[in-house]
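Everything on this sheet refers to the single structure shown next.
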Amino acid sequence: MQQTALNLIAIGVFLMTMTSLLGGIFQLSPFVPAGITAAVMAFATVDTFNWQGRGMTLFLDLFTPAEQRQRILHHEAGHFLAGYLLSIPITGYSLTPWEAIKQGQMGQGGVSFDLESVEASLKNPQQMNLLLERLSTTLMAGIAAETSIYGKALGGANDRHQLRQLLAKLGISVTSYQQREQWALLQAKNLLDRHQDAYQNLVTAMAERASLEECFSLLNTESQA
């Protein structure tokens with residue numbers, strides 16, 4: 001069962017428990033907790049099988065604190081800047097689940113890359129090593145950006161998973177995964193350090209939901225300065 005469905009069930013159990021405990025005080029019918037649980041279970045089922053968990057994702061996003069939203073912004077700006085500088089095709093970005101859904105994406109949102117075209121190029125032995133380095137650095141740039149600003153990264157599990165999936169597709173030994181990940185993280189940190197002005201300006205632009213073209217224009221201007 002998907003994690004979103006489990007979250008909804010947990011909420012339902014909590015509400016049923018609370019209404020049962022408080023029922024005597026407020027003279028609630030015993031059918032109230034049962035009804036709440038049934039409604040939550042039904043929503044969990046529909047959300048899991050029809051909406052692929054997007055309903056729960058949107059609901060939980062309502063309670064995302066401002067600090068976490070800032071972390072997400074800085075994290076995704078790291079991906080965006082690295083992708084731009086390393087010529088990894090960027091197709092869009094979103095900073096909330098609702099923005100992602102409006103763009104036809106799943107999950108929490110983020111920077112979208114044309115990974116299919118990159119992975120196709122990876123099949124060329126002459127290009128593979130350089131493209132793998134660039135893509136690995138781009139995937140780790142979110143963690144590098146968040147760590148640089150906040151001291152540690154809370155996000156990035158999916159980034160690490162994507163990198164390891166990519167390495168597995170290329171038949172690279174599992175024993176080298178951690179070393180390659182650390183190397184890419186270091187490269188990403190160095191890249192962001194060298195382009196701090198561009199990064200900060202990009203963070204501001206993305207916070208204002210600048211269009212993809214506006215972000216490209218901003219970074220192009222920064223690179224020529």
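The values are calculated or read from the model by the stated rules, or taken from the named source; none is laboratory data. A quick note: this is a predicted structure, and the numbers were derived from the prediction, not measured. All Cβ positions, even for glycine, are placed from backbone atoms using ideal geometry, and neighbour counts span all protein chains on display. Heavy atoms of the whole protein, side chains included, go into the accessibility calculation; ligands, DNA and RNA do not. Shrake-Rupley method; radii C 1.70, N 1.55, O 1.52, S 1.80 Å.
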task = Sort out which residues of the range 86-114 are at positive phi and either part of a strand (DSSP E or B) or open to solvent by less than 20 Å² (accessible area, probe 1.4 Å) (or both), and write them in order of number.
result = Gly92, Gly110
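Looking at this structure, is Ser121 open to solvent by less than 70 Å² (accessible area, probe 1.4 Å) and without any contact (Cβ under 8 Å) to a residue 24 or more places away in the chain? Steps first, please.
Working: open to solvent by less than 70 Å² (accessible area, probe 1.4 Å): yes; without any contact (Cβ under 8 Å) to a residue 24 or more places away in the chain: yes.
The answer is yes for Ser121.
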query = If you check Gly156, Gly151, which single one turns out to be on the phi > 0 side of the Ramachandran plot and either under 12 Å from the mean Cα position of the chain (by Cα) or hydrophobic (A, V, I, L, M, F, W, C) (or both)?
reply = Gly156
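Would you pick out the residues in the range 195-225 that are part of a helix (DSSP H, G or I) and open to solvent by 70 Å² or more (accessible area, probe 1.4 Å)? It would help to see each step written out before you state the result.
Restricting attention to the range 195-225, the residues satisfying the condition of being part of a helix (DSSP H, G or I) are 196-207, 212-224.
Selection gives Asp197, Gln200, Thr204, Glu213, Glu214, Thr221, Ser223, Gln224.
Go through Ile149, Ile172 for me and flag whichever is among the β-branched types (Val, Ile, Thr) and either within 26 Å of Glu99 (Cβ to Cβ) or assigned to a helix (DSSP H, G or I) (or both). Give the steps one after another, and end with the answer.
Numbers: Ile172 fails: either within 26 Å of Glu99 (Cβ to Cβ) or assigned to a helix (DSSP H, G or I) (or both).
The unique qualifying residue is Ile149.
Quick check on my filter: what residues within the range 169-181 are in contact with a helix residue (DSSP H, G or I) (Cβ under 9 Å, 6 or more places away or on another chain) and not aromatic (Phe, Trp, Tyr)? Please lay out each step first, then the result.
Of the residues in the range 169-181, the ones in contact with a helix residue (DSSP H, G or I) (Cβ under 9 Å, 6 or more places away or on another chain) are 169-170, 172-174, 176-177, 180-181.
Those that are in contact with a helix residue (DSSP H, G or I) (Cβ under 9 Å, 6 or more places away or on another chain) and not aromatic (Phe, Trp, Tyr): Lys169, Leu170, Ile172, Ser173, Val174, Ser176, Arg180, Glu181.
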task = Kindly establish whether Leu163 is on the phi < 0 side of the Ramachandran plot, in contact with a Lys or Arg (Cβ under 8 Å, 6 or more places away or on another chain) and part of a helix (DSSP H, G or I).
result = yes
query = Looking at (1) assigned to a helix (DSSP H, G or I); (2) surrounded by fewer than 19 Cβ atoms within 10 Å (Cβ to Cβ); (3) over 20 Å from the mean Cα position of the chain (by Cα), which is the only condition Leu132 fails?
reply = (2)
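Select, from Gly155, Gly142, the only residue that is touching a Lys or Arg at 6+ places or on another chain (Cβ under 7 Å) and within 20 Å of Thr96 (Cα to Cα). Even if it seems obvious, please write down each step before you answer.
Details: Gly142 fails: touching a Lys or Arg at 6+ places or on another chain (Cβ under 7 Å).
The unique qualifying residue is Gly155.
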key: Residues (of a type in the set (S, T, N, Q) and at pLDDT 85 or above) located in the range 118-159   = Asn129, Ser136, Thr137, Thr138, Thr147, Ser148, Asn158
inquiry  = I'd like the full set of residues that are open to solvent by less than 50 Å² (accessible area, probe 1.4 Å) and over 22 Å from the mean Cα position of the chain (by Cα), limited to the range 164-179.
reply    = Ile172, Ser176
